[in-house]
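Encoded as structure tokens, the structure appears first; notes follow it.
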Amino acid sequence: MKILLKTAAAAGLLTLAACGGGADDNAALNVERSAENVAENMEAMAANTTNEVREEQLEEGAEQVREQADEKADAIDANDGPTTNTGGANMESNVSGM
């Protein structure tokens with residue numbers, strides 16, 4: 001499960017790095033779509049396991065992936081500007097600290 005969560009995070013970061021300009025809405029949508037693919041794969045794995053504990057872990061992990069993607073997408077949309085590599089910080093907060 002940790003590998004899948006890391007994969008989802010990496011996919012989200014790659015999506016952010018690949019976009020530029022004012023495409024924050026597209027970037028947010030890409031983050032959500034990537035996470036949805038990961039979550040669906042986790043749910044498929046859960047459906048194919050015979051271990052009930054593992055099944056529950058995978059289903060909970062899928063939900064966490066979706067929630068994290070929603071938070072990232074909201075943060076991207078809230079930025080309303082070019083995506084930057086600020087480690088998730090808002091550009092205005094970086095400027096005001098100068």
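The values are calculated or read from the model by the stated rules, or taken from the named source; none is laboratory data. The structure presented is a predicted model; accordingly, all values stated were derived computationally and were not measured. Note that each Cβ is placed from the backbone with ideal geometry, even for glycine, and that neighbours are counted across all protein chains shown.
The figures follow:
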read-out	value
Any chance ASP80 is loosely packed, with under 13 Cβ neighbours inside 10 Å, at pLDDT below 80 and acidic (Asp, Glu)	yes
Residue tally, condition modelled with pLDDT under 65 and within 17 Å of GLU67 (Cα to Cα), over region 17-40	0
Meets criteria (over 15 Å from the mean Cα position of the chain (by Cα) and modelled with pLDDT of 60 or more) for ALA62	no
